[in-house]
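Notes follow once the structure below has been shown.
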Amino acid sequence: MNKISEKIKKILTTNKNLSNVASGDFISNLIGALFWLYIAALLTPEEYGEITYLISIAAFASTLSMLGAYNSIVVLTAKNVKIQSTISFISSSVGLVVAIVVFFAVNQVEVGVLIFAYILTNLIIPHVLGKKEFNEYFRIIIFSKILSVASSLILFYFIGHIGIIIGLATPIFLFGFKIFHIFRTIRIDFRLLKTHSKFIITNYGLNVSDSISGSLDKIIIVPILGFTILASYQLGLQFFGILMIIPGIVYKITLPDDARGILNKKLKVRTVSVAFGFGILSFILIPVIIPILNSSYNESILPIQIIVLSSIPAVVALMYWSRFIGTEKNKVLLAGSVIYATSLISLIIILGQNFHSLGLSIGFFIAQCISMAYFICANHFLSENEV
């Protein structure tokens with residue numbers, strides 16, 4: 001662990017831009033993780049599951065509304081292609097229609113507002129990154145996270161758990177102002193969509209497949225097993241997310257190196273080793289942490305333990321993901337995302353119906369292992385062909 005932390009510190013201190021991005025992500029993710037653990041301690045499993053369900057609907061709907069906006073805007077903005085207004089206009093227009101549909105489906109106007117908040121976030125953040133305004137990225141990512149968390153807590157204490165949804169949408173005011181600035185300074189040009197259609201469609205496919213495994217899984221669980229089982233699954237994912245914070249920073253370090261042909265094998269191997277250690281340690285500590293956090297989840301201890309162990313194959317897959325995206329192997333990434341999403345959804349439906357919380361966690365673990373195995377095999381195949 002010391003060698004990895006020293007390596008990360010050395011790289012970050014010599015690269016201020018990377019330091020701003022990594023620090024912003026780390027602080028933002030940590031604040032978010034602690035916030036959701038705190039909320040899990042306050043709410044009943046039923047309420048926690050309901051909030052997770054509504055947020056997942058908003059997240060999935062926002063992804064469907066966008067043209068693979070995040071990666072497309074980052075890359076094309078960096079290449080000085082002024083496509084931000086065009087993608088923003090289409091995404092916002094489609095998002096309006098989707099928000100109206102979702103409103104009638106769930107009868108929750110705050111979910112529609114949250115959809116727009118997510119859309120604007122995923123339009124502005126990549127715009128800032130693409131322009132290489134890394135100081136601005138650090139400020140905006142931290143401020144928006146603090147704003148949403150503080151608003152959610154305040155509204156929760158005033159109007160109950162639904163206030164959390166409204167609080168999460170408050171960054172819409174910050175990002176709404178910035179999106180109007182983009183519209184004023186960059187004209188809409190639909191011809192750019194045709195010119196870069198292949199790249200945009202590939203990114204859209206990646207984003208949708210990621211959202212299927214990141215949001216649709218939770219939406220599917222509710223009609224099958226209910227809010228309480230979803231709460232158990234989501235709590236496990238919160239611990240999983242905490243374990244993925246440091247590997248996520250390493251990923252941001254290895255990605256530019258992979259793009260330049262520098263494999264950084266030692267750092268990746270050490271990261272996987274640390275992930276293994278933290279995964280085992282978390283497995284041991286979960287039975288101690290859960291009763292302290294919220295005794296209502298005591299029956300979910302084993303499922304949560306299995307989910308935290310899933311961080312080990314997930315980190316291995318992430319290290320290979322770095323190599324493939326750095327070398328622009330988009331077809332490999334898209335196939336990997338589809339395989340993972342299909343595996344996860346299928347296993348959740350099959351195992352969840354038969355084994356409930358335990359089935360969901362086992363399905364999640366198997367899906368991570370399938371993803372890891374795919375990327376290992378893909379890497380071996382490509383390496384042999386390159387020789």
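The values are calculated or read from the model by the stated rules, or taken from the named source; none is laboratory data. Model, not experiment: these values are computed from the prediction. Neighbour counts run over all protein chains shown; Cβ positions are idealised from the backbone, glycine included. Remember, those area values only see protein heavy atoms, side chains included, never the ligands or the DNA or RNA. Shrake-Rupley method; radii C 1.70, N 1.55, O 1.52, S 1.80 Å.
A few comments on the model shown:
- Relative contact order, percent, the chain [alpha-carbon distance under 8 Å, six or more residues apart]: 21 percent
- With helices as the sole contributors, the chain gives -29500 deg cm²/dmol at 222 nm; each DSSP H run of n ≥ 4 counts as -39500 (n - 2.57), and the sum is divided by every residue.
- Under the criterion of Cα pairs below 8 Å and six or more residues apart, the relative contact order for region 268-387 equals 28 percent.
- Each of 200, 29, 296 was placed along the dipole of the chain (beta-carbon charges, centred on the mean Cα), and the one lying farthest toward the positive end is 200.
- Where 372, 66 fall by accessible area, highest first, once all protein chains stay in place (1.4 Å): 372, 66
- In percent, rounded to a whole number, the relative contact order of region 133-238 is 14, using alpha-carbon pairs under 8 Å and six or more apart.
- Tensor-based shape of the chain (alpha-carbon gyration tensor, a/c under 1.5 rounded, otherwise prolate or oblate): rounded
- Taken about its Cα centre, region 181-301 carries a charge dipole of about 720 debye when Lys and Arg each add +1 at the Cβ and Asp and Glu each add -1 at the Cβ.
- Computed 3J(HN,Hα) for region 290-299, one whole-Hz value per residue from the Karplus formula 6.51 cos²θ - 1.76 cosθ + 1.60 where θ = phi - 60°, is 4, x, 6, 5, 6, 5, 5, 9, 4, 6, glycine and proline marked x.
- Ligands, DNA and RNA excluded, the heavy atoms of residue 293 present near 40 Å² of accessible surface to a 1.4 Å solvent probe.
- Using θ = phi - 60° in the Karplus curve 6.51 cos²θ - 1.76 cosθ + 1.60, the 3J(HN,Hα) couplings for region 140-152 round to 6, 6, 6, 4, 5, 5, 4, 4, 5, 5, 4, 5, 5 Hz; x is entered for Gly and Pro.
- Using θ = phi - 60° and Karplus 6.51 cos²θ - 1.76 cosθ + 1.60, couplings along region 124-130 (whole Hz; Gly, Pro as x): 7, 4, x, 4, 5, 5, x
- Other residues whose C-beta falls under 15 angstrom from the C-beta of residue 31 contribute a net charge of +1, scoring Lys and Arg +1 and Asp and Glu -1.
- Ordering of 202-210, 102-110, 224-232 by packing [mean C-beta count within 10 Å, highest first]: 224-232, 202-210, 102-110
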